[in-house]
Amino acid sequence: MSQPSVRILSDAADVASVAADRVVDAAVTAVAARGIFHLCTTGGSTPAALYRALREPSRAARMPWAQTQIWFGDDRFVSRTDPLSNLQPLDAQLLSPGTDGAASPLPPTAVHPWPTSETSADTAVQAYLAELRSVGVAHTAEGFPVFDLVLIGVGGDGHCLSVFPGSPLALPNAPVADGVPAPTHIEPHVPRLSFSLGMLAAAREVIALAPGAAKAAAVARIFAETTPIADAPAKGALLPHATWLLDGASAATLSA
């Protein structure tokens with residue numbers, strides 16, 4: 001199997017900085033080629049630092065904000081204002097005034113959250129898939145959206161998106177997206193909405209963000225040849241068009 005690119009950086013701040021540079025480069029390339037940049041982002045603490053880095057003047061001046069559309073690989077089935085929502089870091093860092101008081105460079109209509117106001121996971125998933133097509137996102141023959149860049153985090157249990165160990169969304173015949181019951185083995189214990197792993201293969205580029213000592217065991221398990229994807233679904237991001245951004249702590253037990 002073709003392997004991803006792996007970069008081992010100094011710390012989480014360096015991971016966020018390098019990831020932000022890659023977002024800008026991917027955006028510029030996508031807009032030059034197709035006139036629009038479709039970014040699929042993730043939740044957690046690292047994207048918050050990445051969003052802050054995107055607001056720094058040197059990057060913000062290069063970023064084609066007016067041609068950028070932002071989607072989410074997964075989210076908790078909670079309201080947008082809930083602290084558990086993956087929208088919270090983005091709303092705080094990209095859609096709010098900057099530390100210098102400057103207005104957000106991104107129009108709110110460019111952000112496409114999962115429709116968690118729907119009454120069921122099924123209707124929410126179908127509405128999100130319909131929105132992707134209505135905006136004109138390209139799709140594979142299997143029905144997966146083709147994002148220009150997908151950002152994923154990695155859980156301590158080896159999950160990515162909301163595809164947990166043992167999830168049917170890790171199977172080759174999984175639907176494009178589905179509701180996910182509240183996990184019992186990891187917090188927060190709330191239901192989710194998530195794409196399946198096939199979305200990663202369909203993307204033009206994938207960046208996996210996994211800094212910190214808490215991720216070391218999961219990273220080692222993901223890269224071990226003997227680990228089945230069902231046990232560590234983030235293994236689905238070991239793709240030739242993926243870049244894994246680690247730091248010294250998370251790569252500490254990774255073999256050569």
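Restricting segment 207-235 to residues that are more than 12 Å from residue 165 (Cα to Cα), crowded, with 24+ Cβ neighbours inside 10 Å and among the small types (Gly, Ala, Ser) leaves a set whose member that is farthest from the chain's Cα centre (by Cα) is 210.
Within segment 221-256, how many residues are under 21 Å from residue 19 (Cα atoms) and of a type outside the set (Val, Ile, Thr)? Selection size over segment 221-256: 20.
Across segment 1-24, which residue is nearest to residue 226 (Cα to Cα) among those that are under 16 Å from the mean Cα position of the chain (by Cα) and charged (D, E, K, R)? Applying the filter and picking the extreme gives 22.
A search for C-beta distances below 6 Å between a residue of segment 20-37 that is of a type in the set (A, V, I, L, M) and any residue that is surrounded by fewer than 18 Cβ atoms within 10 Å (Cβ to Cβ) and assigned to a helix (DSSP H, G or I), counting only pairs 6+ apart in sequence or on different chains, returns 20/59; 24/59; 31/67; 36/67. The set of residues from segment 128-160 being within 19 Å of residue 227 (Cβ to Cβ), outside any strand (DSSP E or B) and not acidic (Asp, Glu) comprises 154, 155, 156, 158, 159. I need a count of the residues in segment 95-139 that are surrounded by 16 or more Cβ atoms within 10 Å (Cβ to Cβ), free of Cβ contacts under 8 Å to residues at least 60 places away in the same chain and of a type in the set (Val, Ile, Thr). Residues that pass the stated criteria total 1. Within the option set 94, 129, being in contact with a helix residue (DSSP H, G or I) (Cβ under 7 Å, 6 or more places away or on another chain) and more than 25 Å from residue 187 (Cβ to Cβ) holds for one residue only, 94. Counting only residues that are in a loop (DSSP other than H, G, I, E, B), surrounded by fewer than 21 Cβ atoms within 10 Å (Cβ to Cβ) and polar (S, T, N, Q), segment 236-251 holds 0 of them. Summed over segment 111-135, residues that are within 26 Å of residue 67 (Cβ to Cβ) and among the β-branched types (Val, Ile, Thr) total 2. Filter segment 157-173 down to the residues that are surrounded by 17 or more Cβ atoms within 10 Å (Cβ to Cβ) and aliphatic (A, V, I, L, M), then identify the one that is nearest to residue 76 (Cα to Cα). It comes out as 161. The single condition from (1) closer than 23 Å to residue 180 by Cβ; (2) in contact with an Asp or Glu (Cβ under 6 Å, 6 or more places away or on another chain) that residue 37 fails is (1). In segment 38-50, the residues that are free of Cβ contacts under 8 Å to residues at least 40 places away in the same chain reach residues that are crowded, with 23+ Cβ neighbours inside 10 Å and part of a helix (DSSP H, G or I) with C-beta atoms within less than 6 angstrom, at least six apart or across chains, in these pairs: 49/16. Once segment 172-186 is narrowed to residues that are modelled with pLDDT of 95 or more and of a type in the set (A, V, I, L, M), the residue that is farthest from the chain's Cα centre (by Cα) is 174.
The values are calculated or read from the model by the stated rules, or taken from the named source; none is laboratory data. Just so it is clear, the model here is predicted, and its values are computed rather than measured. Virtual Cβ from ideal backbone geometry, glycine too; neighbours counted across all protein chains shown.
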